[in-house]
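Everything below concerns the one structure shown next.
The numbers here are math on the coordinates, done by the rules we state, and not lab data. Note that the coordinates shown come from a computational prediction; the quantities given were computed from them, not determined experimentally. For neighbour counting, all protein chains shown are included, and Cβ atoms are generated from backbone atoms with ideal geometry for every residue, glycine included.
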Amino acid sequence: MDYSKINIPYIKDTIIELKAKRFREKYWDNRLPINIEKIIEISLRIYLVPTADLEKKVQYKYIHYC
């Protein structure tokens, strides 16, 4: 796949914050920290499967870690 041809639209910070707020209101309460794994697996019914050494098995030259 030619990643240079991907066009990702700009989304304003205020829109991202609003969507995140609505997501938290729908799937979580005001408690911190937010348990995103619980939201994903219980509320959204997306099952996470741990994979040993996944980073070593998958090499993406476009992934950068901060």
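Overview of results
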{"item": "Which of Ser43, Ser4 has the fewest Cβ neighbours within 10 Å, and the rest in rising order", "result": "Ser4, Ser43"}
{"item": "Simple Cβ-charge dipole of the chain, Lys/Arg +1 and Asp/Glu -1, about Cα centre, in debye nearest 20", "result": "160"}
{"item": "Cα Rg, Dmax (largest Cα-Cα span) when computed across the chain, Å", "result": "16.2, 42"}
